[in-house]
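Here is the structure we will look at, set down as C-alpha cells.
The values are calculated or read from the model by the stated rules, or taken from the named source; none is laboratory data. None of these values were measured; they are calculated from a predicted model. Here Cβ is always computed from backbone atoms with ideal geometry, including for glycine, and neighbour counts include all displayed protein chains. Note: areas computed on protein heavy atoms with side chains; ligands, DNA, RNA excluded. Shrake-Rupley method; radii C 1.70, N 1.55, O 1.52, S 1.80 Å.
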Amino acid sequence: MTAWFKRKEKGIQTATEEKKDTPKGLWYKSPTGKIVESEDLAKNFYVSPEDDYHVRIGSKEYFEILFDDNTFKELDEKLTSKDPLKFVDTKAYSDRLKAAKAKTKLNDAVRTAIGKSMGKELVIACMDFSFIGGSMGSVVGEKIARAIDMAKKKKAPFLMISKSGGARMMEAALSLMQLAKTSAKLAQLAEAKIPYISLCTDPTTGGTTASYAMLGDINISEPGALIGFAGPRVVKDTTGKELPEGFQTSEFVQEHGFLDFITHRRDLKKKVNLYIDLIQNLPVRKEKELV
Amino acid sequence: MEYLEFELPIKELEEQLQKCQIIGKESEVDVTETCQQIEKKLAETKKDIYKNLTAWQRVQLSRHPNRPYTMDYINAICGDTFLELHGDRTVGDDKAMIGGLGKIGDQSYMFIGQQKGYNTKTRQYRNFGMANPEGYRKALRLMKSAEKFGIPVVCLIDTPGAYPGIEAEERGQGEAIARNILEMTRLKVPIIVVIIGEGASGGALGIGVGDKVLMLENTWYSVISPESCSSILWRSWEYKEQAAEALKLTAPDMKKLKLIDEIVREPLGGAHTNRKKTFETVKNKIASHYEVLQKLSPKELVNQRMDKYAAMGVFNG
C-alpha cells in the first residue's frame with residue numbers, strides 16, 4: 001500500500017507556541033453541524049444559509065438589521081444597575097455586574113433607541129442575553145419605561161425585542177415589580193393608540209413572558225425560538241411528564257394561539273413596517289434595496 | 001396545633017404547663033406557683049422566639065399547616081353574604097383561584113384569591129394554591145365585572161407560584177399573568193391587596209397590582225421562592241436560609257424598599273394562634289383603606305396607581 005503522504009524529513013515538530021490556530025470568529029458552526037463563514041452569516045441576517053438556523057444575536061445586530069443605514073439615537077445609555085439589596089450568593093451581585101460589563105461591553109441587559117426604519121421613526125428596545133442572561137432588573141424596567149414614554153411623545157410605534165431568562169433574582173422583588181411598571185407604561189401607550197409590536201426571540205421566558213413580551217398588539221417571533229413562562233426543565237421536574245415534541249418553540253406557541261406570526265429574520269424589517277402601515281391605515285411603504 | 005422546629009421550646013413548656021395543671025386538679029398539691037412560673041417562662045420564650053424571627057422562619061410560618069387560607073378570611077369577613085362565582089368562560093373553573101362577592105358592612109367587595117387545601121385530598125383538589133391560566137383569567141373576568149358596577153376589588157394572595165405545567169404553558173400562563181398585570185394597572189375601581197401567606201413571583205403579582213398592598217407580618221413576597229433561588233444560584237437546595245435572607249422577602253424588608261404600603265400585625269406566634277383576631281384586623285384594614293380610596297375619582301385612582309409602580313426600581317443615572 002502506498003502512503004498518501006510521505007514524511008521526507010525526520011523529526012519535524014512544531015512547538016506549541018508556534019502552532020497556528022484558526023482565528024476565532026471566522027467560522028460559525030450551527031447546532032446542526034453546518035459551518036458558515038462569519039462574514040456570510042452577517043450578510044444573511046445572522047441566519048445559517050443552509051439550514052435557516054437563526055443564530056442568537058444582540059441589540060447591535062438587531063439595530064443594524066432594523067434601523068435604516070444603522071443610524072439611530074441611543075436612549076438612556078448611561079443607566080446602570082445598583083446593588084440595593086447587597087445581594088450575595090456564590091458571588092456578589094456587584095462583582096457579577098462588573099464582570100458582565102467587562103465581558104459584554106454593555107451597561108445592562110437592554111438597549112433602547114430611536115431611529116428611522118423604512119423612512120419612519122420607530123422606537124426599539126432590544127434585550128441582550130449576554131448580559132446576565134438578559135435578566136430584567138430595575139435598569140431594564142426603567143429603560144423600557146422611558147422608551148415607551150419616548151414612543152408616546154414622538155407618536156412613534158414601539159418595538160420590543162425580548163431575549164431573556166426572566167427577572168433578575170439578585171434584585172429580588174424590585175425586579176418583580178418591573179413587570180408591573182412596564183405593563184403600566186404599556187397601558188398608557190395603548191391608551192394613546194400607538195402600535196406596540198412584541199418580538200419574542202430565543203429565549204423569552206419567565207418574567208418577560210409574564211409582562212411585556214406577551215402584551216403586544218401583535219406578538220411575533222423567529223423560527224425555533226424558545227418561548228414560555230416556566231422553563232422546560234422546571235415543567236419536567238414539577239410534572240414528572242415527558243414534554244411533547246417541539247414544546248415551547250415559537251411554532252408550538254403560535255399553534256396554541258399566542259403569536260400572530262413567525263418571520264424569517266430576512267423579512268423582519270419589512271413585515272414589522274407593513275403591520276405598522278396597515279394597522280394605522282397608512283399607505284404601505286416600499287422597501288428599498290437592502291444591502 | 002402543630003409546631004415548627006424552632007417552636008419546639010414553646011411546645012415543651014406548653015406540655016409542662018398542661019401536666020402541671022392536671023396535677024393541680026387531680027391531687028391536693030398546690031401547684032399555683034409552679035404553674036405561674038411556667039406561664040411566665042412560656043410568655044418570655046414566645047416573645048424571645050417570635051420577636052427575633054429570621055427570614056427563613058417567617059417563610060416557614062407563612063406555610064404553617066394551621067394558618068388560615070383565603071376562604072377562611074372571606075367566610076369570617078363576609079359571613080353568609082359571600083357568593084362564590086366560578087369559571088373563566090373559556091376553559092374551566094380553576095380550583096386554585098377562588099372569587100366572589102361579599103359585604104363588609106354596607107359595602108360590596110369582589111374578593112379574589114388563591115386557595116390552598118387542608119389535607120392531602122383537598123391540597124390536590126386546590127393544586128396546592130398554584131393557579132393555571134384559567135385561574136388568572138377567571139380573576140380578570142371578576143375584576144372587569146366589578147369595574148363595570150363600581151365595586152372595589154380585594155385580592156388575598158397565598159401561592160407558592162403559578163403552576164408550571166404542560167397544559168398551563170399550552171394555554172399561555174405567561175400571557176394570562178401579563179394580561180392581568182396590565183389590566184390591573186388601569187382598573188377603574190380601588191384594588192386592595194393583602195398577602196396572607198406566600199407571595200411567589202408572577203403567580204402572586206398576577207392578582208397583586210393594587211392601590212394599597214398590605215403584607216401580614218409573617219408572610220413573604222419575592223421574585224422566587226428561597227428554595228428555587230438556592231437551587232439556581234447555589235446549585236443546591238441546601239442554601240434556602242441564606243437565599244431567604246438575601247432576597248429581602250419579609251414584610252419589613254418589603255416596606256423598607258417601598259414595594260408594599262403597610263405591614264399588618266399578627267397575633268404573637270402567627271395568624272393561626274388567634275384566627276378571630278387576625279380576621280377582624282384584616283377586615284378593618286380593608287374597610288379603612290376603602291374609606292380613603294373611594295374618595296378618589298377613577299382617573300386620580302389610576303394615575304396614582306400607575307405613578308406608584310412607575311417609581312419602583314433602584315438604579316444609577
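Would you point out the residue of segment A:252-268, among those that are assigned to a loop (DSSP other than H, G, I, E, B) and touching a strand residue (DSSP E or B) at 6+ places or on another chain (Cβ under 8 Å), that is nearest to the other protein chains (Cβ to nearest Cβ)? So that I can check it myself, show each step before the final result.
Restricting attention to segment A:252-268, the residues satisfying the condition of being assigned to a loop (DSSP other than H, G, I, E, B) are A:256-260, A:263-264.
Among the residues that remain, those that are also touching a strand residue (DSSP E or B) at 6+ places or on another chain (Cβ under 8 Å) are: A:258-260, A:263-264.
Values: A:Phe258: 5, A:Leu259: 10, A:Asp260: 13, A:Thr263: 20, A:His264: 24 Å.
Within segment A:252-268, the match that is nearest to the other protein chains (Cβ to nearest Cβ) is A:Phe258.
Any idea how many residues of segment A:204-218 are within 19 Å of A:Gln178 (Cβ to Cβ) and either open to solvent by 10 Å² or more (accessible area, probe 1.4 Å) or outside any loop (DSSP other than H, G, I, E, B) (or both)?
10
In segment B:183-226, how many are under 14 Å from the mean Cα position of the chain (by Cα), facing another protein chain (nearest Cβ under 7 Å) and part of a helix (DSSP H, G or I)?
Count: 2.
Pick from A:Ala230, A:Ala187: which is open to solvent by less than 40 Å² (accessible area, probe 1.4 Å) and over 28 Å from A:Lys155 (Cβ atoms)?
The unique qualifying residue is A:Ala230.
Among the listed residues A:Val110, A:Val88, identify the single one that is within 25 Å of A:Met177 (Cβ to Cβ), open to solvent by less than 10 Å² (accessible area, probe 1.4 Å) and either in contact with a strand residue (DSSP E or B) (Cβ under 7 Å, 6 or more places away or on another chain) or facing chain B (nearest Cβ under 10 Å) (or both). Explain how you work it out, then say what you get.
On the way: A:Val88 fails: open to solvent by less than 10 Å² (accessible area, probe 1.4 Å).
Exactly one residue qualifies, and that residue is A:Val110.
Report every pair of residues separated by at least 6 positions or lying on different chains whose Cβ atoms are under 7 Å apart, first residue within segment B:227-240 and facing chain A (nearest Cβ under 10 Å), second surrounded by 15 or more Cβ atoms within 10 Å (Cβ to Cβ) and aromatic (Phe, Trp, Tyr).
B:Ser230/B:Tyr239
I want to confirm something. Restricting to segment A:233-251 and keeping residues that are open to solvent by less than 40 Å² (accessible area, probe 1.4 Å) and hydrophobic (A, V, I, L, M, F, W, C), which single residue is nearest to the other protein chains (Cβ to nearest Cβ)?
A:Val235
Looking only at residues in segment B:233-280 that are under 26 Å from B:Leu8 (Cα atoms) and of a type in the set (Val, Ile, Thr), which one is most open to solvent (accessible area, probe 1.4 Å)?
B:Thr273
Could you tell me whether A:Ala147 is in the same structural domain as A:Lys271 (by the TED database) and in a loop (DSSP other than H, G, I, E, B)? Outline the logic, then answer.
Details: in the same structural domain as A:Lys271 (by the TED database): yes; in a loop (DSSP other than H, G, I, E, B): no.
No.
Does segment B:135-143 contain any residue that is part of a helix (DSSP H, G or I), in contact with a Pro (Cβ under 8 Å, 6 or more places away or on another chain) and open to solvent by less than 30 Å² (accessible area, probe 1.4 Å)?
No, segment B:135-143 contains no residue that is part of a helix (DSSP H, G or I), in contact with a Pro (Cβ under 8 Å, 6 or more places away or on another chain) and open to solvent by less than 30 Å² (accessible area, probe 1.4 Å).
Filtering segment A:152-161 down to residues that are touching a Lys or Arg at 6+ places or on another chain (Cβ under 9 Å) and surrounded by fewer than 24 Cβ atoms within 10 Å (Cβ to Cβ), which residue is nearest to A:His54 (Cα to Cα)?
Among those residues, the one meeting the criterion is A:Ala156.
Scan segment B:1-32 residue by residue and report those that are at pLDDT 90 or above, of a type in the set (Asp, Glu) and either over 26 Å from the mean Cα position of the chain (by Cα) or surrounded by 11 or more Cβ atoms within 10 Å (Cβ to Cβ) (or both).
Passing the criteria: B:Glu7, B:Glu12, B:Glu14, B:Glu15.
Pick out the one residue from A:Ser198, A:Ser164 that is more than 9 Å from chain B (Cβ to nearest Cβ), buried (at least 24 other Cβ atoms within 10 Å of the Cβ), farther than 30 Å from A:Asn281 by Cβ and of a type in the set (S, T, N, Q).
Only one candidate qualifies: A:Ser164.
Would you confirm whether any residue within segment B:170-178 is more than 22 Å from A:Gly165 (Cα to Cα), facing chain A (nearest Cβ under 10 Å) and either open to solvent by less than 10 Å² (accessible area, probe 1.4 Å) or in contact with a helix residue (DSSP H, G or I) (Cβ under 7 Å, 6 or more places away or on another chain) (or both)?
no
Just to be sure before I move on: is B:Gly105 open to solvent by 10 Å² or more (accessible area, probe 1.4 Å) and in contact with a helix residue (DSSP H, G or I) (Cβ under 9 Å, 6 or more places away or on another chain) in the structure I sent? Talk me through it step by step, then tell me what you get.
Values: open to solvent by 10 Å² or more (accessible area, probe 1.4 Å): yes; in contact with a helix residue (DSSP H, G or I) (Cβ under 9 Å, 6 or more places away or on another chain): yes.
Here the answer is yes, as B:Gly105 does meet what is asked.
Does A:Lys271 meet the test of being more than 29 Å from B:Glu170 (Cβ to Cβ), open to solvent by 70 Å² or more (accessible area, probe 1.4 Å), of a type in the set (Lys, Arg) and away from chain B (no Cβ under 14 Å)?
No.
If you take the residues of segment A:113-151 that are of a type in the set (Gly, Ala, Ser) and within 14 Å of chain B (Cβ to nearest Cβ), which of them is surrounded by the most Cβ atoms within 10 Å (Cβ to Cβ)?
Per the criteria, the residue is A:Gly141.
Exactly one of these conditions fails for B:Val153: (1) open to solvent by less than 10 Å² (accessible area, probe 1.4 Å); (2) within 13 Å of chain A (Cβ to nearest Cβ). Give me its number.
(2)
Would you mention how many residues in segment A:201-224 are in contact with a Cys (Cβ under 6 Å, 6 or more places away or on another chain) and either among the acidic types (Asp, Glu) or more than 8 Å from chain B (Cβ to nearest Cβ) (or both)?
The number of residues fulfilling the criteria is 1.
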